[in-house]
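Take a look at the structure below.
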Amino acid sequence: MADTATWCLRPWSIAPRERYGSSARVPVRSSCSHQDCVYLHPHSMSTVRTSFFIASLFLLFSCAEKVNPHALMQSAREKMGKEDYLGAEKDLLAALQADSTFDSAHFLLGSLKQQLAQYDEAITHYNRAIQYNPNYPEAYNNRALCNGVSGNLEAEKADLDKALELNPRNQHAWYNRGNYWLDHNQPEKAVEDYSKAIELVPDYSNAFFNRGEARFNLGDFSASYADYKMVTELTPDDGEAWFMLGNCCSRLDSLDKACTLWKKALELGYAEAKNPLQKNCSE
């Protein structure tokens, strides 16, 4: 059985906002292979000299430590946290050499490749993770994002659907499928999926932001304003959210308020706010 340790991907920018991977489960597997370890036949132990017996036991436990895939997995996770990707990859490959069916090692190696924008290799390892563990929602979620970047949109949607079928409480999968709908000009469905993500995580700032965008595209500027307002409460330094608040006010015929909000966005470094300020607002 897998334990409950989690590891999350660092976000990377894919329109409209970041998409995330999710947690990896790390099963504890056998720590020694038949080829590398020395085994003592139980019926011969009485005839083995003590020094050889002790030396053999030392070799046995030393070997087990070296090829423990769980320990290698943990080492890889720590190295990835320090951005030592070459070291992490070396550990993961060693873990897979010890246990080629180690689904979580394939998953984490896929995550590493995905983070390095090596999407084809990432998909290969997610495929293997799913091969050895068909009920691995995080692997479907992450493979979906790689498929989307690679232009395989049918596979992206199918993987997101499967991730949600396996774990309907995965907020990242709801968020990612909302992004899929938004990217494909289906804002109503996007709103539904972002709302599911927000139900699960009420302070999910990016889900509020993208739901605001979907509602803006639907012409529901009041609801869009409410979502962007929530973003500014959760992340006050998000200049783009202040900018979009200004856009909502502009559409709601509150130009003075829009100017104040655009100015705030510009002060926070969001350069696109400069254009509407110059066109619509007095000094």
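Read-outs throughout are calculated quantities, based only on the coordinates presented, and are distinct from any laboratory measurement. Since this is a predicted model, take the numbers as computed values, not measurements. All Cβ positions, glycine included, derive from the backbone under ideal geometry; neighbour counts span all protein chains shown.
Summary of values
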quantity	calculated
³J(HN,Hα) computed for each position of the range 220-231 - Karplus, 6.51 cos²θ - 1.76 cosθ + 1.60, integer Hz, glycine/proline x	8, 6, 5, 5, 4, 4, 4, 5, 5, 4, 5, 4
Partner aspartates and glutamates for residue 113 [C-alpha distance under 20 Å; skip if fewer than 8 residues away on the same chain]	18, 78, 83, 84, 89, 91, 99, 103, 121, 138, 156, 159
Student exercise, the range 113-203 dipole from Lys, Arg, Asp, Glu Cβ charges, in Debye to nearest 20	220 debye
Cut-off 10 Å between beta-carbons: net charge of the residues surrounding residue 143, Lys and Arg +1, Asp and Glu -1	-2
Length-normalised contact order of the range 77-166 in % [C-alpha pairs under 8 Å, at least 6 apart]	20 percent
The range 125-283 shape via C-alpha gyration tensor axes, a/c threshold 1.5	prolate
Charge context of residue 268, other residues only, Cβ under 13 angstrom, K/R +1, D/E -1	-2
Prolate/oblate/rounded call for the range 233-283, Cα gyration tensor, a/c under 1.5 rounded	oblate
For the range 95-106, Karplus couplings with θ = phi - 60° (6.51, -1.76, 1.60), whole Hz, Gly/Pro x	4, 6, 5, 6, 8, 5, 9, 6, 4, 5, 5, 4
Sequence-separation-based contact order of the range 136-283, relative, with Cα cut under 8 Å and 6+ spacing, percent	12 percent
Extended-chain gain in nm, criterion 0.36 nm per residue less alpha-carbon gap, residue 85 and residue 169	27.2 nm
Karplus-derived HN-Hα couplings along the range 240-245 (A = 6.51, B = -1.76, C = 1.60, θ = phi - 60°), whole Hz, x at Gly and Pro	5, 5, 4, 4, 5, 4
Within straight-line cross-link reach of residue 263, aspartates and glutamates at Cα separation under 14 Å, skipping those fewer than 8 residues along the same chain	237, 238, 240, 272, 283
The range 65-122, relative contact order [Cα under 8 Å, separation at least 6], %	29 percent
Inter-probe distance in nm under a simple model that places probes 7 Å from Cα toward Cβ, at residue 199 and residue 100	4.4 nm
Net charge of Cβ neighbours under 14 Å - reference residue 120; Lys, Arg +1; Asp, Glu -1	+2
Dipole of the range 212-265, positive end: most advanced residue of 218, 247, 234 [Cβ charges, Cα centre]	247
Net lengthening on full extension, residue 161/residue 267 (0.36 nm per residue, minus Cα-Cα)	34.1 nm
